[in-house]
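Taken together, the values in this text are just the output of simple stated rules run on the coordinates, not laboratory data. Quantities reported herein were computed from a predicted structural model and do not represent experimental measurements. Note that we place each Cβ from the backbone using ideal geometry, even for glycine, and neighbour counts take in every protein chain shown.
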Amino acid sequence: MIRRNDVRDLLESHNGDAGVFARRMTHYMGVSDQHGNPYLDDGNNMAVRDPRDDQGRTFPRIKPSEISFGHLGRGLLGHDLFEEIFEPGSRRGAGHLVAAAMAGAGLNLREASDPVMPSAFANINAFTAVVTGLLEVSILEGWENPDFIGDQLMPDEPSKVFEGRKVIGTARIGDLAEERLPGMPTKRVKFGERWIEQPRTVENAMACEVTQEAVFLDLTGQVTQECNNLGEWLRYRKELRQIDAFIGVTNTYKYKGTSYNTYQTASTWDNDFSNELLHESDFEEVLIKFRDMTDQETGTRVMINPNTVLVNRGKVRTASAILGPTAIATEYRSNDSAGTPQNIRTSEPFYKNKYKLLESPLVYERCDAADGLNLSAANAEKYWWVFEQGKRTIVYVTNWPLRVQQGAPGQVDMIDRGVVQYVKADERGVPMWIEPRRVVRCKN
């Protein structure tokens, strides 16, 4: 835990320059580089990275749980000014923090005859900057929980349209090539039209307010933990929507103006059938399903390369024994009648390490939930999926990825409710199926 004296020592190591201190702290927390520029990933989304020293070597970043608002404020502002601003019932009140941050270095704020001196403004601004960085990195840490698998089920696809966008394509020509004899004209073909319609995107958002009481009493980093929870629960909402679309609770596939269920047993495709995962032969049956998928326009085969398997926890060991690193030799016995010798064929595990294996307790929850697939516990455990991972199967259409926005409430609201900092996190998007033939769902 970084204490008040640690904050003061770091500030003084930068010659008391509060601006440099704030930039270094946000860099040490992993939200910006040494110059204060925020880190972004390849998709221009906010990112957390390990900081670098002057030689370019990375070192472990400061975790939000290691910094408390109380120690940060007392180290930067000094004990007396911190107590005057944040102590419940103080003469100044938290409204002075916002006013000072907005005033700039050339203004004195007065309450009776007691001013906040201009030299304190830089430290107040540094305090609010570091608090902002703490809130951002806490939300990002919760958002990037490795237990969530939604983004592995469907990659993000940026879009500037909220609803009704048509993903335009051309229908397959089909097997129309023919022999051309000397002097004969070449056979002409036309491209047919096909499109998939994007469903309406949804914004999910959460916000939290940091009160002056929370800052005053926070000595163990509990406020940043709450912001970590905010990011985690926002991502949880996205995760459930992704899982629901993938397993078939919601159906978003709309082809040429007609809506279809993702999983069917007849009609235009067959990707939903009874096939409990017990043996290697059960997986082979799924691959045969993929082999037999045909295009709805021409009736020709669709070339599909499944590469990922999703199971519930009750089948993880079975799936690993067939597909994963623990796969072992397989025995095949003939069905000879009693009293005659059986023919036994032993084979190395053919599918070992060829497919990615995924599992999440949230998938089981949505299979079992009354507002999910509404399956019994036993049947929910036996559901599993094989699919081709990537943008040709299903995507999460994103209008904007995770955004973290900070703002100080108006001074009247600040004084009335004692709010020091406001932070909002949101994202807007929707799952959209591109080609349901690239997934097969299996059940008991």
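Below are the figures for this structure:
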| item | result |
| --- | --- |
| Packing-based order for 197-203, 427-433, 12-18, using average beta carbon neighbours within 10 Å, highest first | 427-433, 197-203, 12-18 |
| Extended-chain gain in nm, criterion 0.36 nm per residue less alpha-carbon gap, ASP53 and ASP41 | 2.3 nm |
| Filter on LYS238/LYS382; LYS160/LYS254; LYS256/LYS443 - keep pairs with C-alpha separation over 21 Å | LYS238/LYS382; LYS256/LYS443 |
| Net length gained if the chain between ASN335 and PHE350 were fully extended (0.36 nm per residue, minus Cα distance) | 3.2 nm |
| Where chymotrypsin sites (Phe, Trp or Tyr not before Pro) fall in DSSP loop in the stretch 193-280, at most 13 other Cβ within 10 Å | none |
| FRET efficiency, 1/(1 + (r/R0)^6) with R0 35 Å, evaluated for LYS391 and ASP282 via beta carbons | 0.80 |
| Trypsin sites (Lys or Arg not before Pro) within the stretch 221-264, DSSP loop, no more than 16 other Cβ atoms inside 10 Å | LYS256 |
| Integer Hz, Karplus 6.51/-1.76/1.60 couplings in order for the stretch 299-305, x for Gly and Pro | x, 8, 5, 9, 7, 10, 10 |
| Sites matching GluC sites (Glu not before Pro) across the stretch 276-331 that sit in DSSP coil, with at most 11 neighbouring C-beta atoms within 10 Å | none |
